[in-house]
1. Read through the list (1) touching a residue at least 40 places away in the same chain (Cβ under 8 Å); (2) within 23 Å of PRO111 (Cα to Cα), then give the number of the only condition that ALA205 fails.
2. Mind listing just one residue for me: the one in the range 154-199 that is in contact with a Lys or Arg (Cβ under 7 Å, 6 or more places away or on another chain) and not small (Gly, Ala, Ser) and, of those, surrounded by the most Cβ atoms within 10 Å (Cβ to Cβ)?
3. Out of all the residues in the range 200-216, which are open to solvent by less than 40 Å² (accessible area, probe 1.4 Å) and at pLDDT 85 or above?
4. Pick from the range 108-123 the residues that are of a type in the set (A, V, I, L, M, F, W, C) and surrounded by fewer than 18 Cβ atoms within 10 Å (Cβ to Cβ): which of them is nearest to PHE31 (Cα to Cα)?
5. Among (1) closer than 21 Å to CYS165 by Cα; (2) open to solvent by 20 Å² or more (accessible area, probe 1.4 Å); (3) among the small types (Gly, Ala, Ser), which single condition is ALA59 missing?
6. Could you tell me which residue of the range 135-153 is nearest to the chain's Cα centre (by Cα), considering only residues that are of a type outside the set (A, V, I, L, M) and surrounded by 12 or more Cβ atoms within 10 Å (Cβ to Cβ)?
Amino acid sequence: MAEPARRRRRKEARPQEILEAALALFTERGFSATRLDDIAARAGVSKGTLYLYFASKEAIFSELVRHAVLPNIARVEALVAGWSGSRASLLRRMIELLGTALREDRIAAFPKLVIAESGNFPELARQYREEVIERGLGLFARVIAAGVAAGEFREVDSRHAAKLCVAPMLLLAVWRTCLARADEQPLDAQALVETHVETLLRGLAAKGGPVPEGVR
């Protein structure tokens, strides 16, 4: 007898429901304090059902990274691959996309989780560094290096400059997830991104050259 369509849809939705429940709990309580029983209860499934899809909390975290974070990096990779304008304008767009992503609570939660749990769960930090940080920094470094080679940017270490591209965006994530409740004046994320881009591009401008395209 064929399985009812409604039941099939429910089974297909379970992994996503478990992931959403896990991310909510990881954000609220931290990775260490969240038990698989808690995730199962929040998702409305039995612990046995949870094990049909995920073998451990670490496996859930790994899938969360691949499901929630990596698609954003893939979008930036596609942007870089198809770009035909200046590198300055491309850097602006890349940082704007990163800033937009980190304004989503579910994305901003990951840096906080990794920072908080890296001592007790170094494998989580290793995975996040390899799959997210190194991949993202590599994109920024390649764009900066190309700008240097074209004479658009001054001579800089592209690896270090890439980290400077990302650092204020990590501050945005940490501020949103850790400090916002204690902040008397809410952080203006859009103004932070714009100020960062303007400062960065002026700092990268080739000596004696024109102000990079896209800088006001």
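The values are calculated or read from the model by the stated rules, or taken from the named source; none is laboratory data. Computed from a predicted structure; not experimentally measured. Counting neighbours? That spans all protein chains shown, and the Cβs are built from the backbone with ideal geometry, glycine included. The accessibility values were calculated without ligands, DNA or RNA, using every heavy atom of the protein model including side chains. Shrake-Rupley method; radii C 1.70, N 1.55, O 1.52, S 1.80 Å.
1. Among (1) touching a residue at least 40 places away in the same chain (Cβ under 8 Å); (2) within 23 Å of PRO111 (Cα to Cα), ALA205 violates only (2).
2. Of everything passing the filter in the range 154-199, VAL197 is surrounded by the most Cβ atoms within 10 Å (Cβ to Cβ).
3. Within the range 200-216, LEU200, LEU201, GLY203, LEU204, ALA205, ALA206 meet the criteria.
4. Across the range 108-123, the extreme among qualifying residues is ALA116.
5. Of everything listed in (1) closer than 21 Å to CYS165 by Cα; (2) open to solvent by 20 Å² or more (accessible area, probe 1.4 Å); (3) among the small types (Gly, Ala, Ser), ALA59 misses just condition (1).
6. Within the range 135-153, the subset of a type outside the set (A, V, I, L, M) is 135-136, 138, 140, 142, 147, 151-153.
Going one step further and asking which of them are surrounded by 12 or more Cβ atoms within 10 Å (Cβ to Cβ), we end up with 135-136, 138, 140, 142, 147, 152-153.
Values: ARG135: 11, GLY136: 9, GLY138: 14, PHE140: 14, ARG142: 19, GLY147: 24, GLU152: 28, PHE153: 26 Å.
So the residue we want is GLY136.
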